[in-house]
Amino acid sequence: MSHRPTPRRVRLRAVLALTAAGVIGAGAAIFFNGSASAGTTLGASAAEKGRYFGTAVAAGKLSNSTYTGILDREFNMITPENEMKWDATEPSQGQFRYTSADQIVAHAQAHGQRMRGHALTWHQQQPGWAQQLSGTALRNAMINHITNVAGHYKGKIYAWDVVNEAFADGGSGGRRDSNLQRTGNDWIEVAFRTARAADPGAKLCYNDYNTDGINAKSTGIYNMVRDFKSRGVPIDCVGFQSHLGGLPPSDYQANLQRFADLGVEVQITELDISGSNQATAYANVVKACLAVSRCAGITVWGIRDSDSWRTGENPLLFDANGNKKAAYTSTLNALNGPGTPISTPPVSSPPVSSSPSPSASVPQGGGACRVTVTVNAWNTGLTEDLTVVNTGTAAVNGWSLAFTLPGGQTITSGWNATYTPASGAVTARNESYNGTIAPGASVSLGFQATHTGNTARPAAFTLNGAACTVA
């Protein structure tokens, strides 16, 4: 039974009608450096490429042994299907309820799975009391909601869908009319800044549907992200839901890449595919993600066909009895095929600026800082997410963050900075798009590394030579 409201189903029909049939561009060069052994599960295979493979989870199904058996064998990232949404977490104003969401988080922690938080703000699934608010009262309620929910899960969430589905369908490329939008056009920016303050170590994502190809809606979102990056609004990732009715659009990979070139991570967040060419379509989506170095991973929206909100369409990788489908095999084979390691690619479409790149100039100003570090480790590797807050009174224009990497750790790739050398005393230097940190503002960066058993976090942080405190 679907856990999404009826309007989503109606909307889906329009999405499917608009989805252009096509294949991932045959001319795309797809390479993988290194020789990882073929994985035997979705999560393990994705991890070998530095990615994750996750699923949406309903707390009420965690007592089903078939459901949890597949969940814990195959997936290394979990997204709560409904349990972290506004109506679930704040049913009465100022009264927060986390029971079901906490159950999912506890399951993930017990089984070595990471968490995506979904979703802090959305025009749907608002509690009745919020639907009755408007203007300043609604804006303040939104800020309080984000602060409390993100704060409750601080340090436990890999990435938050901070804002969900805020752009309109059709050819305008503009914002959706909603009670949140009517509080002021800056509401999305406010939501992201609030989320950063509440959970500094989490990646902050914008998430939407019908954005799989290069179209008016995805271009509207692209322009917002570019603007946010140019002004230092803390956005780290963009989620592409990819509720497909067949093959992804022919420009699917190119669309992911153009967002990645802005300096944000791209994530496929709610993948499900119906139709007779399901197996090929799943494989093409996986290949597109593997070809984009900033594509961090894929989440399918449910485990078995019987768990899907798309009732009767059988859009998932396992049938109602929990058996692997042909789409599962094609997905696993694609994950075990060639791919591009996670890395920081050149920014081909940086924010327009008439001034020299901060990374090309001598660092100036500031230096006092606070660093928050989040480590996610597995048997031979780890990722580290760093948030650097300028606690000084002057802006930092061009920054170098120096730190000591623990023994046995070697950086293999990174994002939002360049890292030299790969081990020992490391210096991370800003990219062209994030070189200025205003007083009180922050910048997010991170890296992936191998380790030989030591998974401790780095030490001795300095920003432009001045010592930082570590939160």
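The values are calculated or read from the model by the stated rules, or taken from the named source; none is laboratory data. It should be emphasised that the depicted structure is a prediction, and the values quoted were computed from it without experimental measurement. Positions of Cβ are backbone-derived with ideal geometry, glycine not excepted, and every protein chain shown enters the neighbour counts. Just so you know, the surface numbers come from the protein's heavy atoms only, side chains and all, with ligands and any DNA or RNA stripped out. Shrake-Rupley method; radii C 1.70, N 1.55, O 1.52, S 1.80 Å.
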Could you give me the percent of Cα pairs per 20 Å distance bin for the chain, shortest bin first, beginning at zero and ending with the bin that holds the maximum distance?
25, 60, 14, 0
Determine, from the Cβ-Cβ distance of Thr147 and Gln109 and an R0 of 22 Å, the FRET efficiency 1/(1 + (r/R0)^6), rounded to the nearest 0.05.
0.45
What's the carbon and sulfur percent of the chain's accessible surface, probe 1.4 angstrom, rounded to a whole number?
52 percent
Rounded to the nearest Å, what's the spacing between the alpha carbon centres of region 206-266 and region 396-426? Just the number, please.
28 Å
Which of the helices in the chain, when you take each full DSSP H run, stretch at least 18 Å along the axis at their Cα atoms and have an average Kyte-Doolittle score of -1.0 or higher?
6-18, 135-152, 216-231, 278-291
Quickly rank 368-376, 136-144 as a protection proxy: mean count of other C-beta atoms within 10 Å, highest first.
368-376, 136-144
Over the chain, with the other protein chains present, what is the accessible area per residue in square angstrom, probe 1.4 angstrom?
36 Å²
Using alpha carbon positions and the Kirkwood radius, the Rg to Rh ratio of region 369-432 is 0.98
If packing is taken as the mean number of other Cβ atoms within 10 Å per residue, what is the order of 435-442, 125-132, highest first?
435-442, 125-132
Taking Cα pairs closer than 8 Å and at least 6 residues apart, the relative contact order of the chain in percent is 15 percent
Excluding residues on the same chain fewer than 8 positions from Lys156, give the lysines whose Cα lies under 27 Å from its Cα.
Lys49, Lys61, Lys85, Lys203, Lys229
Expected field for Tyr222, accessible surface area in Å² at 1.4 Å probe radius, rounded to 10, holds 20 Å²
Name all residues of region 270-313 having a backbone nitrogen under 15 Å from the label point set 7 Å from the Cα of Thr66 along its Cα→Cβ direction, giving them as ranges.
303-308
